Every structure is written in structure tokens, then in C-alpha cells.
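The values are calculated or read from the model by the stated rules, or taken from the named source; none is laboratory data. Since the model is a prediction, treat every value here as computed from it, not as a measurement. Positions of Cβ are backbone-derived with ideal geometry, glycine not excepted, and every protein chain shown enters the neighbour counts. Side chains included, ligands, DNA and RNA excluded: accessible areas come from the protein's heavy atoms. Shrake-Rupley method; radii C 1.70, N 1.55, O 1.52, S 1.80 Å.
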Amino acid sequence: MALKWWKKAVVYQIYPLSFQDSNGDGIGDLKGIISRLDYLKNLGVDVIWLSPVYQSPMDDNGYDISDYLSIDPIFGTMDDMKDLIKVAHEKGLKLIMDLVVNHTSDEHIWFKEARSSQDNRYRDYYIWKDEPTPIGSVFGGPAWTYDETSKQYYFHLFSKRQPDLNWKNKELRQHIYQIVNTWLDMGIDGFRLDVIDLIGKDVDRFQLSDGPYLYPFLQELYDTCFKDRDIMTVGEMPGLSIERARDITEKGLLDMVFQFAHVGLDEMPGQGKWALKPLDLVEFKKVFTRLQHLMYQKGWNSLFLSNHDQPRVVSRYGSLEYRKESAKMLATVLYGMQGTPYVYQGEEIGMTGIRFSSMDQYRDIETKQIYQILKNEGLTEESIMASIYAKSRDNSRTPFQWDQTKHAGFTQGNPWIDVNPNYLEINAQHDVQDSHGVFQYYKDLFALRKKLDVFTEGDFRLLHQEDQELFMYERHHEDQHVLVIGSFANRERNITLPYQNMSLLISNDHAVEIKPEMKIPPYFACIIRIGG
Ligand code: TEU
Ligand code: CA
């Protein structure tokens, strides 16, 4: 069977608020994105994943939608959106949209109607109770808020301005499917489905992620919207086990899943993202090994370490001292595996996280809420800020750093969130021209992936499993045999390669000679072909 196009594709996530402003209001927009499509083509991108640009009060930066079928004026018009789809396709780029249907904004007409009275026809589009139950919001605090008008509590797993939809309501589901098909008929190439693991929830039985109705609703969504189209779907499923992720992709209900088994490895188990713990690389390698083995010749993996919710990968897992080397190393070990690569804007030039000097500079609702919650719990300012510096979503939401001009070329106006001051040193203009830049390395790595089938079709064998610094694995497919090496060490160290006929495919330090006994520099990375 011919390989599905999205198995070979490189996906690039654009967070529109922070990508490129075109009209000087300090906010990224659709025209700005159109002006940068050649940059993405140059990198070797095949698909753009566009975070939400629908009408929204921006309580959660667009993940709170008040009208699924209109574009928020801050991003432009529906004509701009159609223009983006058209120009992207002309340039050979596909475009998938972010579908946020676990919840709406509280400004959506359905919720405005629903909260107006208990017998309103839209009441059952949402989840109401006379008394709250002990369920917490992902952003901290309770998941129930009392509505004074209609005298009941409504359910929201995220902010109180993001009421959860009641997917058990068939009319609601049909309404969602109409919206999905409207966008697909407009020519987009698929969706990233936001927290889609939650749509099967049974709140009364406290079954939230991977709930009892998940499969039936995914099947109905697939049959009604996706089945007869040559599109790509990726479901964000934070609460799903690897086994269930494989099952869903093997059944084809979704083409692939954002699985979170590796995301929480630098947090204290069960205590959430703000309770920090150093990454245990052995654990990290075990999780990826399980993902690779479980999905091999069955489901399909998404390969990501960065996105608009996660800290910048070079700050989280790499090194600021060895920024470029570690950025390339992380890309090598991640994108050398089987799966579809997902690059988050700025990852390809080694952008770093941010430490704002004042809480007033933070914009993310999750960050602002947790600051207050931890303060009320009596934590010291120092420990709270250590958690926020490490894990705030604003780390990945500072404006894209295009060049050394004011505000890094992102805007001629005042940016909605401050630009990272390191833009003078870290920016696309500088990095793209650097033959040893991160951009060029990403470009070479993606070209290599497309050249050799072993990266898409091959098996996976982890080496040196207990080594705390080395992520090394083999991939085999027919006559292709490659070895992927990444050092997480900030020091020089020795490695032994028990192979004879080795040829270098890519490396982040060409001064290092490839031989059976090697001394490798900090954050060294390479991919070697074995047997020619
Ligand atoms: O994120 C869901 C999710 O897993 C987040 O709760 C994430 O783990 C958390 O923000 C990390 O701190 C999706 C979107 O990607 C996120 O931006 C939205 O805020 C959220 O859903 C609600 O739509
Ligand atoms: Ca703008």
C-alpha cells in the first residue's frame, strides 16, 4: 500500500499571535504568515499546523472560540484565510487547522443562550449541575463555576470562560460535524484536534480523558467528516495511554496522536507540571522506546518536544552554553525516530525560553492563575518563579525572532508580549545565513529523512539503555542501517562503535572523526550509515 503522504511530511506549527505582524498592531496575523511562506518552504516544511484564528475573546489565546466559522479581526478576514490556503497550496504547502471542540468560549452564542435559562434549547449543549463535584481545572481551581442567571454550576476543565461541550448531545455533535465539513470544503488539509481525548467524558462517573464515549464519537466524527477525504488528522490526547493511542491510529479513527508519555518526565510524579524534577534520560529513552516499538507497523507516531504549551526545547532539555549544538542534538535524536516530525515555530533557529523580570509581563492565563494559587498556598516567590521560568507557556509564545531590527522584525508596533532580549544574537536572518546554524541543520536533517526510507519504515533498537548521558539507537530497513547518536552530556566523553564500515550522514561537529573508539564533545550528535 502506498505510503500515506503525512508519514513523510514535516509539519510546522504556527502560533499566529506571535509569528509575524503585518499591520503594526503588535499582533501576528494571516497576512504576516503569507509573507513568510517562502521561509517555511526553504526549511523543507510540507504542512503548516495553524493554531486557532477563529473569533475569540482571547482568554486562552484563541483556544476559547466564540464563532467557529469566522476569523477573529485581529488576525484578518475570511478572505485573508482563503488567501492563505490558496497561496500555501500554490507553494506546495498543505495547511491543517486547530479544532477546539471539547469546549467553546463563554461568548459563543450557544453558551449565551444556554446560560439564559434552564429550559433554553441550547442548555444541554453544556454540562450543568445543581451542586459541584470534586473535579479540578487543568489551570488550577475547581472545574465548576456557578452561573447566577440560571442558578446552576457549569463544567469547565480549563478556564471558567471555556465551558465544556456536552458531546452526549447528538444535536451538538451534528452541529460540530457541519462546522468541520465546512472547513474541509474550504480546502484545508486536515486538523489538529485539541484535547480530543476529553470528548468521551462521563463527568458523573469522573471519567474525563479516554472516557466511555470516546471511541463512538471518534468513529462518528471519522465517518461523517474524514472518511472519504485525503486529509491528515492528529489528535492531542494528553490523558491517553500509548496502547490506546496505537489502537486509535491503527483503527484509523485519527491518523496520529500527540501522546504525552514523555511530556511529564521532568515533573514530580502526580504533582503536575509546576513541581519540578530533573529529567532522567534513562526514563526518557524508555518512553520513546516503548512508543517506537508499540507503533511499529501498527499505529503512527507524532514526533514532538516543542509546542505552544511546552517550554522551549533547548532550554528544557539542552544547554544555553551549548545552545546550537544541543538544539541540533535534540533534533537529531527526536527526528531520527519513526513518526511525523512536528517543528514548533522558532525551534528551527534555537530560540530559548524567557525569564520576564515582572509577572506583569506574563500573558498566559495558566501562568497567571498558577502564580496566584501557589502564592495563596504560601510558596516563596523564588520557588514560584523557578516553576514559572521552567514551565510557563509564555516561554514559547514570545514573538518569533526574525532579525536584529526593533522587536526582532516581528512588528513595527508594540508587541502584545515582550520580545526575548536575546533576539540580537538569536534570529532567523542571522541563523539562516550561518552554514553551521540550527536552521541549516534542520533543513539537512529533513532532507536526509526524505532521502532514506529507513527513517519512515525502519525498526528501532535502543543501545546503551542505562547510559544517563547518551541517547543512541539503530534503525534498520531492508539494506539501510543507520545509527543515531545524541549526547546530553555537557562534557567531553568516550564512546565505542562496534561497527566496521561506517559513513557519516550528518553531524553537528564535523571536526569529530567517526571511528570505532571516539571522543565526542558536549552535546555531540550525528547519524551514521552502517555498511554503506
Ligand atoms: O492543551 C491541552 C493540554 O494538555 C494543556 O492543558 C497543556 O497540557 C497545558 O496547557 C500545559 O500546561 C490544549 C491547548 O494546546 C492549550 O493551549 C489550551 O490551553 C488547552 O488545550 C485548552 O484548549
Ligand atoms: Ca497584526
**Report entry** Extent along principal axes [Cα atoms of the chain; Å; largest to smallest]
**Finding:** 76, 51, 49
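For a Förster distance of 60 Å, can you work out the FRET efficiency between the beta-carbons of Lys41 and Ser117, rounded to the nearest 0.05?
0.70
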Query raised in the report: Which residues in the range 496-520 have a backbone N closer than 18 Å to a point placed 7 Å from the Cα of Ala447 along the Cα-to-Cβ line?
Result: 504-510
Query - Overall Cα dimensions of the range 131-228 - principal axes, largest extent first, Å - result: 43, 27, 24
**Report entry** Extreme residue, positive dipole direction of the chain, given options Trp6, Gly252, Asn508 (C-beta unit charges)
**Finding:** Asn508
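Under the rule of -39500 (n - 2.57) per DSSP H run of 4 or more residues, summed and divided by the residues of the chain, what mean residue ellipticity at 222 nm is obtained, to the nearest 500 deg cm²/dmol? Don't skip to the end; give the middle numbers.
Working: 16 runs with 148 residues, N = 532.
Helix-only estimate at 222 nm: -8000 deg cm²/dmol.
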Report task. Measure of size requested: the Rg and Dmax of the range 456-530, with Cα atoms as the atom set and Å as the unit; please supply both. Result -> 11.9, 36
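Please identify the GluC sites (Glu not before Pro) of the range 333-380 that satisfy two criteria: DSSP loop assignment and at most 12 other Cβ atoms within 10 Å. Which are they? Mind showing how you got there, number by number?
Details: sites: Glu347, Glu348, Glu366, Glu377; in loops: Glu377.
Sites meeting the loop and neighbour criteria: Glu377.
On a 21 Å Cα-Cα criterion, which of the cross-link pairs Lys151/Lys201; Lys7/Lys251; Lys227/Lys251; Lys7/Lys286; Lys4/Lys450 come out too long? Before the final figure, lay out the partial values.
Details: Lys151/Lys201 24 Å; Lys7/Lys251 16 Å; Lys227/Lys251 12 Å; Lys7/Lys286 23 Å; Lys4/Lys450 13 Å.
Too far apart for the 21 Å limit: Lys151/Lys201; Lys7/Lys286.
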Report summary line: Sorted by chain and number, the residues with a modelled amide H under 5 Å from that of Leu463, at a separation of 5 or more or across chains, are Met472, Tyr473, Glu474
Report task. Compute the distance in nm between two label points, each set 7 Å from the Cα along the Cα-to-Cβ direction, one at Glu250 and one at Gln178. Result -> 3.8
Query raised in the report: Just how much of Ser315 is accessible, in Å², when a 1.4 Å probe is used and the result is rounded to the nearest 10?
Result: 50
